[in-house]
1. Distances longer than 27 Å among the Cα atoms of region 166-301: what percent of all pairs is that?
2. Convex hull volume of the Cα atoms in region 1-158, per residue, in Å³?
3. Quick one: how many lysine pairs in the chain have C-alpha atoms under 23 angstrom apart, if they're 8 or more apart or on different chains?
4. With each pseudo-label sitting 7 Å past Cα toward Cβ, what's the residue 296-residue 315 distance in nm, one decimal?
5. Using the Karplus equation 6.51 cos²θ - 1.76 cosθ + 1.60 (θ = phi - 60°), what ³J(HN,Hα) coupling, rounded to whole Hz, does each residue of region 158-175 give in order, writing x for Gly and Pro?
6. Output the direction-averaged projected area (hull surface divided by four) of the convex hull of the alpha-carbon atoms of the chain, in nm².
7. Suppose we flag GluC sites (Glu not before Pro) only when DSSP calls them loop and at most 13 other Cβ atoms lie within 10 Å. Which is the longest uninterrupted stretch of the chain?
8. May I ask for the equivalent-ellipsoid semi-axes of region 243-333, computed as the square root of five times each C-alpha gyration tensor eigenvalue and listed largest first in whole Å?
Amino acid sequence: MNVSKDDLTWAASEGVISPQQAEALWGALERRQGAGPKFDLPHVAYYFGALIVIGAMGWFMTLGWERFGGGGIFLISAVYALCFALAGRTLWYTEKLQVPGGLLFTMAVCTRPLAIYGLGRFAGIWSQGDPGVYRDYHIWVKGSWFLMEVGTILAGVVALRFIRFPFLTAPIAFSLWYMSMDLTPLLFGQPDFTWNQRLWVSLWFGLAVLLVSYIIDRRTKGDYAFWGYLFGMLAFWGGLSLMESGSEFRRLLYGLINVGLIFLSVLLDRRVFIIFGSLGVFGYLGHLSYRVFKDSLMFPFVLSVLGILIIYLGIKYQRNRDVIDRSILRLMPEQLRQLLPQERGGG
């Protein structure tokens, strides 16, 4: 539930609290949320600037940096990381500016792939042969990128140990997503692998990331699981959706899994599941429309009735939500009720 100042003003006008209490409560809420991320111009500038720097160290890296050689790339990225970390430490601990300070630590973590690439280029040590230039890291799936992803994950975990900043989980989750692809040639022991092998690795790895994110979600108060859920879903749902179905039964199963993701989004209070689940359901309905029922007159009418029925059930649920929720919880075993997360703001 998002509470605004207008809500407190309304409560005061209804006599629930006094105007003085409303002002005092709003001031206390502002002080409590002051250090956290907000959607205003300063915070937009913080994140936008950080993303530009992270992009410069990653997607926008030019081939010109290869002239520095492996040793030069390693030293430059190490200096970058040190400067970011020192500046972040000052902002976080001394200036009490946690958002820009946390972003600087995140930027330091995001330099790890470049530093490890430089070290590997300098020492000539690769897990599966020379992968090529650093720019290819964001283009080609290769087992030799694996150490860069491991190093980034470890750096992020160490940073989180000292700096409790949820956005630090973004480079960790992003590296895990890349790892879900780059693990395939290592697991099969060869640089060449089939498309189906890659999809299965992505699916199971994504499922593992989702499970870990759920455990983190249960054990933390801040939103440290959002990025894990997002990139875990990219790996799991991407692998699942790109697989060859082969039969109508398997396509139906795919549609049912996506319906399950929509219900899971309600149970876990996570919007990311309903986004991917809805895309999957619409994809399955599109298949039915263009392949199975392409000549049917009734299919659009049936879908329309189904959609209206779902809206009607949603209205009934909203009007009787407390009663329905209590009934469902009474029917659920105690062990299953304990697995449900505590209420948390969006994600």
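The values are calculated or read from the model by the stated rules, or taken from the named source; none is laboratory data. This one's a predicted model, so the numbers in the text were calculated from it and none came from an experiment. Here Cβ is always computed from backbone atoms with ideal geometry, including for glycine, and neighbour counts include all displayed protein chains. Heads up: the accessible areas ignore ligands, DNA and RNA and are worked out on the full protein's heavy atoms, side chains in. Shrake-Rupley method; radii C 1.70, N 1.55, O 1.52, S 1.80 Å.
1. Values: 2689 of 9180 pairs.
More than 27 Å apart: 29 percent of the Cα pairs in region 166-301.
2. Working: hull volume 22.4 nm³, N = 158.
Value for region 1-158: 142 Å³ per residue.
3. On the way: 5/38; 38/96; 38/221; 96/221.
The result is 4.
4. Modelled inter-label distance: 2.6 nm.
5. 5, 4, 5, 4, 10, 10, 7, 10, x, 5, 4, 6, 5, x, 5, 5, 4, 5
6. Values: hull surface 95.1 nm².
Seen from a random direction, the Cα hull of the chain projects 23.8 nm² on average.
7. 96-243
8. Values: eigenvalues 162, 65, 24 Å².
Values for region 243-333, descending: 28, 18, 11 Å.
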